[in-house]
Amino acid sequence: MENILEKLGIELNAETRLTGDSKFSFNCHSGLSCFNTCCSNLDIVLTPYDILRMKNRLGLSSAEFISAYTEPVIQKESKLPFLKLKLGEEGKCRFVAAEGCTVYGDRPAACRYYPLGFGIYKNEEAGDDFYFLIKEEHCKGFGEQREWTVGEWRKNQGIDEYDDKNRVWMEVILNKKLYSPELEPDEKSLKMFFMASYDLDAFRDFVFESRFLDVFDIEEERLEIIRSDDSELMLFAHQWLLFALFKKPTMNLKQA
């Protein structure tokens, strides 16, 4: 977190550290001279739910979306493979047009948060999770009179749904950072993490076309749900990751 704040030139203190009740003024609309400027020179790491929503929006398979619209990056703290948005010409987001975002209803969580940043602390000494404002020189939105609390902004932008859908996946990443930060994952673990995080179609095949169901005891009702509901399949995949990588009791093995 310190590296991100340093990169943004933000010093965390009582004034810059925000809570859900903190207020700020901001509004973004096509009448601003900077409209769409924030959609260039991005470094947006995509979450599993981001990819699920966008690939379904475009009518693509997971593999097709990953190939066309993402590029891999190794996250330094966890040493896990993440995907970030692949930009187009001159560093512009390929989903932005003159009138704005062409996938706005299914835009990534990072776009929904902006102009907020979000920090997570996982020890009592450091304190609670927090927010901070990302004030960029080009952005005229901070000069607008519309006032929000952080909580109101989250609700307005649909952030709660995205955070809830990614909750178990974030637990996977935090477990890696907390319990084995220096451990370099082996090739098998990397492939498991990548498939269960991003390639939902491949994970569906893994569940239903391999020996997976001979090994794990899954209720028939749950199986029927994950056959047809991508969101539930994604959650199931992340629960499997917790079991496979960290031996968390999220799955039941069949009795021999």
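Taking Lys191 as meeting all but one of (1) surrounded by fewer than 16 Cβ atoms within 10 Å (Cβ to Cβ); (2) more than 19 Å from the chain's Cα centre (by Cα), write down the number of the exception.
Going through (1) surrounded by fewer than 16 Cβ atoms within 10 Å (Cβ to Cβ); (2) more than 19 Å from the chain's Cα centre (by Cα) one by one, Lys191 breaks only (2).
Give region 29-45 a look and list any residue that's surrounded by 14 or more Cβ atoms within 10 Å (Cβ to Cβ) and touching a strand residue (DSSP E or B) at 6+ places or on another chain (Cβ under 9 Å), or say none.
Hits for region 29-45 are Phe35, Asn36, Cys39, Ser40, Leu42, Ile44, Val45.
In the set Leu178, Leu190, which member is closer than 13 Å to Leu80 by Cα and aliphatic (A, V, I, L, M)? Give the derivation first.
Values: Leu178 fails: closer than 13 Å to Leu80 by Cα.
The match here is Leu190.
I need a count of the residues in region 77-113 that are at pLDDT 95 or above, in a loop (DSSP other than H, G, I, E, B) and either outside the structural domain of Glu161 (by the TED database) or out of contact with any strand residue (DSSP E or B) (no Cβ under 9 Å at 6 or more places or on another chain) (or both).
1
Restricting region 73-104 to residues that are of a type in the set (Gly, Ala, Ser) and open to solvent by less than 40 Å² (accessible area, probe 1.4 Å), which is nearest to Ser40 (Cα to Cα)? So that I can check it myself, show each step before the final result.
Initial filter on region 73-104 (of a type in the set (Gly, Ala, Ser)): 78, 88, 91, 97-98, 100.
Filter again for open to solvent by less than 40 Å² (accessible area, probe 1.4 Å), leaving 78, 88, 91, 97, 100.
On the way: Ser78: 27, Gly88: 9, Gly91: 5, Ala97: 12, Gly100: 12 Å.
Among residues in region 73-104 that are of a type in the set (Gly, Ala, Ser) and open to solvent by less than 40 Å² (accessible area, probe 1.4 Å), the one nearest to Ser40 (Cα to Cα) is Gly91.
Counting just the residues of region 206-242 that are among the aromatic types (Phe, Trp, Tyr) and buried (at least 16 other Cβ atoms within 10 Å of the Cβ), which one comes out nearest to Asp164 (Cα to Cα)? Spell out the reasoning first.
Taking region 206-242 as the starting set, the residues that turn out to be among the aromatic types (Phe, Trp, Tyr) are 206, 208, 212, 216, 236, 240.
Imposing the further condition that a residue be buried (at least 16 other Cβ atoms within 10 Å of the Cβ) reduces the set to 206, 236, 240.
Values: Phe206: 25, Phe236: 14, Trp240: 17 Å.
Only one residue tops the list, namely Phe236.
Is there any pair with a first residue in region 28-53 that is at positive phi and a second that is of a type outside the set (S, T, N, Q) whose Cβ atoms are under 6 Å apart and which are 6 or more apart or on different chains, and what are they?
Cβ pairs passing all conditions: Asn36/Val96; Asn41/Gly91.
Of all residues in region 14-28 being in a strand (DSSP E or B) and surrounded by 16 or more Cβ atoms within 10 Å (Cβ to Cβ), which is nearest to the chain's Cα centre (by Cα)? Before the answer, list the steps.
Step one: list which residues in region 14-28 are in a strand (DSSP E or B), which gives 18, 23-25.
Adding the requirement that they be surrounded by 16 or more Cβ atoms within 10 Å (Cβ to Cβ) leaves 18, 24.
On the way: Leu18: 21, Phe24: 24 Å.
The selected residue is Leu18.
Given the criteria among the β-branched types (Val, Ile, Thr) and at pLDDT below 95, does Ile74 qualify?
Yes; evaluated as a whole, the condition is true for this residue.
Pairs under 6 Å by beta carbon, first residue small (Gly, Ala, Ser) in region 168-184, partner surrounded by fewer than 19 Cβ atoms within 10 Å (Cβ to Cβ), six or more apart or different chains?
No pair meets every condition.
From (1) within 30 Å of Arg17 (Cα to Cα); (2) at pLDDT 90 or above; (3) surrounded by 12 or more Cβ atoms within 10 Å (Cβ to Cβ), pick out the condition that doesn't hold for Gln145.
Condition (3) is where Gln145 drops out.
Among residues belonging to region 1-13 that are in contact with a Gly (Cβ under 9 Å, 6 or more places away or on another chain) and not in a helix (DSSP H, G or I), point out the one that is modelled with the lowest pLDDT. Show your work before the answer.
Initially, region 1-13 is screened for residues in contact with a Gly (Cβ under 9 Å, 6 or more places away or on another chain), giving 1, 4-5, 8, 10, 12.
Still in the running and not in a helix (DSSP H, G or I): 1, 10, 12.
On the way: Met1: 43, Ile10: 67, Leu12: 69.
Here the answer is Met1.
Please determine, by comparing only the residues of region 166-182 that are exposed (fewer than 13 other Cβ atoms within 10 Å of the Cβ) and among the charged types (D, E, K, R), which one is modelled with the highest pLDDT. Break it down into steps so the answer makes sense when it comes.
Our first condition is that a residue be exposed (fewer than 13 other Cβ atoms within 10 Å of the Cβ); within region 166-182, this holds for 167, 178-179, 181-182.
If we keep only those that are among the charged types (D, E, K, R) too, we end up with 167, 182.
Numbers: Arg167: 96, Glu182: 86.
Among those that are exposed (fewer than 13 other Cβ atoms within 10 Å of the Cβ) and among the charged types (D, E, K, R), it is Arg167.
Can you report the number of residues in region 46-72 which are in a strand (DSSP E or B) and loosely packed, with under 15 Cβ neighbours inside 10 Å?
Of the residues in region 46-72, the ones in a strand (DSSP E or B) are 46, 70-72.
If we keep only those that are loosely packed, with under 15 Cβ neighbours inside 10 Å too, we end up with 71-72.
Going through region 46-72 one residue at a time, the tally reaches 2.
Among the residues of region 152-165, are any touching a residue at least 24 places away in the same chain (Cβ under 8 Å), open to solvent by 40 Å² or more (accessible area, probe 1.4 Å) and part of a strand (DSSP E or B)?
no
The values are calculated or read from the model by the stated rules, or taken from the named source; none is laboratory data. These numbers come from a predicted model, not from an experiment. Methodologically, a virtual Cβ is constructed for each residue, glycine included, from the backbone with ideal geometry; neighbour enumeration extends over all protein chains shown. In case anyone asks, the SASA skips ligands and DNA or RNA and just uses the protein heavy atoms, side chains included. Shrake-Rupley method; radii C 1.70, N 1.55, O 1.52, S 1.80 Å.
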